[in-house]
1. Determine the pairs where a residue that is outside any strand (DSSP E or B) and surrounded by fewer than 22 Cβ atoms within 10 Å (Cβ to Cβ), located within region 61-78, has a partner that is of a type in the set (Val, Ile, Thr) and modelled with pLDDT of 95 or more with Cβ atoms under 6 Å apart, the partner being 6 or more residues away or on another chain.
2. Filtering region 345-365 down to residues that are in contact with a helix residue (DSSP H, G or I) (Cβ under 6 Å, 6 or more places away or on another chain) and of a type in the set (A, V, I, L, M, F, W, C), which residue is farthest from GLY55 (Cα to Cα)?
3. Here's a check for you: in region 319-344, which residue that is under 24 Å from LEU459 (Cα atoms) and not polar (S, T, N, Q) is surrounded by the fewest Cβ atoms within 10 Å (Cβ to Cβ)?
4. Among (1) modelled with pLDDT of 95 or more; (2) outside any loop (DSSP other than H, G, I, E, B); (3) surrounded by fewer than 21 Cβ atoms within 10 Å (Cβ to Cβ), where does LEU90 come up short?
5. If you take the residues in region 101-135 that are in a strand (DSSP E or B) and more than 24 Å from ASP45 (Cα to Cα), which one is nearest to the chain's Cα centre (by Cα)?
6. Give me a count of the residues in region 136-189 that are touching a helix residue (DSSP H, G or I) at 6+ places or on another chain (Cβ under 7 Å) and either farther than 27 Å from ASP406 by Cβ or outside any strand (DSSP E or B) (or both).
7. Counting just the residues of region 280-318 that are acidic (Asp, Glu) and not in a helix (DSSP H, G or I), which one comes out nearest to the chain's Cα centre (by Cα)?
8. Give the residues of region 356-375 that are crowded, with 24+ Cβ neighbours inside 10 Å and either among the charged types (D, E, K, R) or farther than 30 Å from ASP304 by Cα (or both), sorted by residue number.
Amino acid sequence: MNRTGRRNFLKTAAAGAAAVACGRSGRAASKSKRPPNVILIMVDDMGFSDLGCYGSAIETPNIDKLAAGGLKFTQFYNTAKCEPTRASLLTGCYHREVGGGALRNAMTLGQAMQRAGYRTLMTGKWHMSSTPIKKGFDRYFGHLSGATNFFTGDNTFRLDEKKFTVPKKGFYTTDANTGYAMQFLDETARKHSNKPFFLYVAYNAPHYPLQAWPEDIAKYKGKFMKGWDALRVERHQRQLKMGLLDPKWKLAPRDPKVPAWDTLSDDRKKTEDLTMAVFAAMIDRVDQNIGKLMGRLKKLNMDDNTLLLFLSDNGGCPFQRTRTPDIPPGPANSYWTYHEGWAQVSNTPFRLYKQNQHEGGVSTPLIAHWPGVVKPGTQTDQSAHIIDIMATLLDITATRYPEQFDGAKLRPLRGMSLLPILKGQRREPHEEIFFEFGKYKALRAGKWKISWRYGPWELYDMEADRTELNNLADRMPEKVKQLAARHDAWLKQLGGGRQKKQRTRKKKQ
């Protein structure tokens, strides 16, 4: 970590409290000095352009309202994979150094917020070792697995530490996650009103299997018959009008693995349309539930003094690993994923997908909504990484990151607080941001980024070419050598070698 990072994370309690107080205005300023409530919402396998406020035609009015009342990040990064992103989110460290889902030598967000005096709540996908209750959450509902049937669940569902039996009728995981989140908020208002709360909602949607309520699917069926080629262009044009992209960044061309839409048979087009309609319906249902959650927050008079962060764990997923050919996508007895054709739409305007360390895999939305602190209707092009969330919440709650916790020496905190950005200021950026999952890796340092897919290293100028179309490696071999050496040194610092695959009982990502 650089010197600026250390300064941001080892602030005293008084300095941290003052930093938040200085940023407040209006109704929020009239509140007591009580720290803000925090809601952290993460969706699963949703790309950069899948929200209305990031260029999609999918209906997301509630999320768009949060963005209109808050701040959008255009260069926010994750780890391009489900479990590693969760490890980094929960610890503020790179996933490799905490053993991925093992969370070794780390303090979780739940534990940090408990230390700060918060009531800690979680619903949704865990996908880590142990359980949320044992890792700092006072209440939990959800599944410990990495994926689940949305209608019938699996045997990892828990309510706190007790096994939860999924009802045979009327159950849908996205709805249940929100329902229990609202129950936990009601309970907090009744029994723990003396404490601020931290709520982490980890929706499994729109991760496969592609399953959704029929009425939600009906809204979108037929709307994707234009095909992935036309829809990518439409999303790109909307993004340019929104000012999300620099016009000099060209739309990445269609992946060579993906056939031109016009070459598909009519039957194939109808199947593809339905596949994407179910995916859209899953995002739509998340948005409906966020609307319900915000409504409950307002009813409980908790909306003014609440910071809400919304993000995705990685870009669109290209893994069409399985499908039920005799059962179309949507119902409980189906099992479909979508593939590169639609994943590239999700990741517009970028190249590649989930697991790849190119922008299509690692760059997704971050929305911050905080009345009285975050200026409504703003956006930032400052780069940030999911390791920054822990640092931000420590900063906001004036909580010091300890050297030891629960009898173990902690890994150093790698993130940097986003609070200056939330307050409309420029933040000194990371000297470098590292990426790695299996054979895929990257490093970003200022305007430069090196990316590795099948090798050798590729080099891109992110100011001129953020869609990574003009590889400069052959023209600037010394720059590649310099950045590659820094990436190698980072891997060596964290233990070197390829991280071993975690042996868990969880379902595949």
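The values are calculated or read from the model by the stated rules, or taken from the named source; none is laboratory data. Model, not experiment: these values are computed from the prediction. In this analysis, Cβ positions are derived from the backbone assuming ideal geometry, glycine residues included, and neighbour counts consider all displayed protein chains.
1. Partner pairs satisfying both residue conditions: ASN62/ILE290.
2. LEU352
3. GLU340
4. The failed condition is (3).
5. Filtering first and then ranking leaves THR120.
6. Residues in region 136-189 being touching a helix residue (DSSP H, G or I) at 6+ places or on another chain (Cβ under 7 Å) and either farther than 27 Å from ASP406 by Cβ or outside any strand (DSSP E or B) (or both): 14 in total.
7. ASP313
8. ASN356, GLN357, HIS358, GLU359, GLY360, GLY361, VAL362 - these are the residues of region 356-375 that are crowded, with 24+ Cβ neighbours inside 10 Å and either among the charged types (D, E, K, R) or farther than 30 Å from ASP304 by Cα (or both).
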